[in-house]
Amino acid sequence: MTCRPLPLLLLPLLLAACGSAVKGSVGTAPDPVPAPTPIGSVAKPDPGDQTQSAEEAQLLRELNAARAVGRTCGGQFMPAVPAVTWNGYLAKSARAYVQDMATRGFFAHVDPDGRWPQQRAEAAGYTGWTNIGENIVGGYAVGEMTAAWLASPDHCAALMSPEYKEVGLAFMQEAGHAFSTYGVQEFGSR
């Protein structure tokens, strides 16, 4: 999927979705050597810090409730998919990104330094990934963000993608920035 600029008539309420990337499309550092796995067990990737704000917990509940119901995104039917699990590294990336967008006054998937969601996720510690995706939103209250993402065909398709197994979410509300609120969904699988 190609990210395209949104028409200006959507201001002040903006959404942006950027599709998944496949590992290898962005240069990556070598993965750390994993600890030995006992025979007969499967090592699970480290989920990172599980701390969530009240707003992040609400957005996660809304996200998983939405994924539990089949729906049409644009003209494409998307069947129900399993819930995503919280990933602290993706949340760290999302939190840093909402702050960056607000502080530097931009709204895009590529930051002013040219970094894409995949690069930001890796910098936050999310390694060994196979898919990364991102939804961003500005100008909505926390209780309106999921509905706004679902109303947009590209955001809805990202939110309903069975490729994603983990998520990190961030919400920021602060007066004096381009939007009074920002939200980010960082999706991943590994």
May I ask you to say which residue of V137, V81 is in contact (Cβ under 8 Å) with a residue 60 or more places away in the chain, assigned to a loop (DSSP other than H, G, I, E, B), among the hydrophobic types (A, V, I, L, M, F, W, C) and closer than 20 Å to M160 by Cβ?
-> V81
Mind listing whichever residues of segment 109-123 are out of contact with any strand residue (DSSP E or B) (no Cβ under 7 Å at 6 or more places or on another chain) and either free of Cβ contacts under 8 Å to residues at least 24 places away in the same chain or in a loop (DSSP other than H, G, I, E, B) (or both)?
-> V110, D111, P112, D113, G114, R115, W116
Selection from segment 129-142 of residues that are surrounded by fewer than 18 Cβ atoms within 10 Å (Cβ to Cβ) and at pLDDT 95 or above = T130
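Which residues, counting only those in segment 143-159, are in contact with a helix residue (DSSP H, G or I) (Cβ under 6 Å, 6 or more places away or on another chain) and surrounded by 21 or more Cβ atoms within 10 Å (Cβ to Cβ)?
T146, W149, H155, C156, L159
Pick from Q119, Q173: which is within 12 Å of S93 (Cα to Cα) and open to solvent by 50 Å² or more (accessible area, probe 1.4 Å)? Outline the logic, then answer.
On the way: Q173 fails: within 12 Å of S93 (Cα to Cα).
The conditions single out Q119.
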May I ask you to list pairs of residues, at least six apart or on different chains, whose Cβ atoms are under 8 Å apart, with the first in segment 46-67 being open to solvent by less than 50 Å² (accessible area, probe 1.4 Å) and at pLDDT 95 or above and the second being assigned to a loop (DSSP other than H, G, I, E, B) and among the small types (G, A, S)?
-> N64/A83; R67/A80; R67/A83
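In this structure, is Y126 touching a residue at least 40 places away in the same chain (Cβ under 8 Å), part of a loop (DSSP other than H, G, I, E, B), touching a helix residue (DSSP H, G or I) at 6+ places or on another chain (Cβ under 7 Å) and crowded, with 24+ Cβ neighbours inside 10 Å?
Numbers: touching a residue at least 40 places away in the same chain (Cβ under 8 Å): yes; part of a loop (DSSP other than H, G, I, E, B): yes; touching a helix residue (DSSP H, G or I) at 6+ places or on another chain (Cβ under 7 Å): yes; crowded, with 24+ Cβ neighbours inside 10 Å: yes.
Answer is yes for this residue.
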Residues within segment 62-78 that are within 23 Å of G168 (Cβ to Cβ), of a type in the set (G, A, S) and in a loop (DSSP other than H, G, I, E, B), tallied = 1
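In this structure, does S152 turn out to be closer than 22 Å to V69 by Cα, among the polar types (S, T, N, Q) and over 13 Å from the mean Cα position of the chain (by Cα)? Quick ask: steps written out before the conclusion?
Values: closer than 22 Å to V69 by Cα: yes; among the polar types (S, T, N, Q): yes; over 13 Å from the mean Cα position of the chain (by Cα): yes.
Yes; evaluated as a whole, the condition is true for this residue.
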Please go through segment 140-171 and pick out each residue that is out of contact with any Gly (no Cβ under 9 Å at 6 or more places or on another chain) and in a loop (DSSP other than H, G, I, E, B).
-> A141, P162
Where residues in segment 69-102 are under 20 Å from V142 (Cβ atoms) and open to solvent by 70 Å² or more (accessible area, probe 1.4 Å), which of them is farthest from the chain's Cα centre (by Cα)?
-> Q99
Name, by its number, the condition in (1) closer than 20 Å to P162 by Cα; (2) out of contact with any Cys (no Cβ under 9 Å at 6 or more places or on another chain) that does not hold for Y97.
-> (1)
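What residue, among those in segment 139-149 that are under 14 Å from the mean Cα position of the chain (by Cα) and not aromatic (F, W, Y), is farthest from A178 (Cα to Cα)? Let's see the steps before the verdict.
So in segment 139-149, the residues under 14 Å from the mean Cα position of the chain (by Cα) come out as 145-146, 149.
Keeping just the survivors that are not aromatic (F, W, Y) gives 145-146.
On the way: M145: 17, T146: 20 Å.
Checking each candidate, the answer is T146.
The values are calculated or read from the model by the stated rules, or taken from the named source; none is laboratory data. Quick caveat, the model's predicted, so the values are computed rather than measured. Every residue, glycine as well, gets a Cβ built from its backbone with ideal geometry; the counts of neighbours run over all protein chains shown. The accessibility values were calculated without ligands, DNA or RNA, using every heavy atom of the protein model including side chains. Shrake-Rupley method; radii C 1.70, N 1.55, O 1.52, S 1.80 Å.
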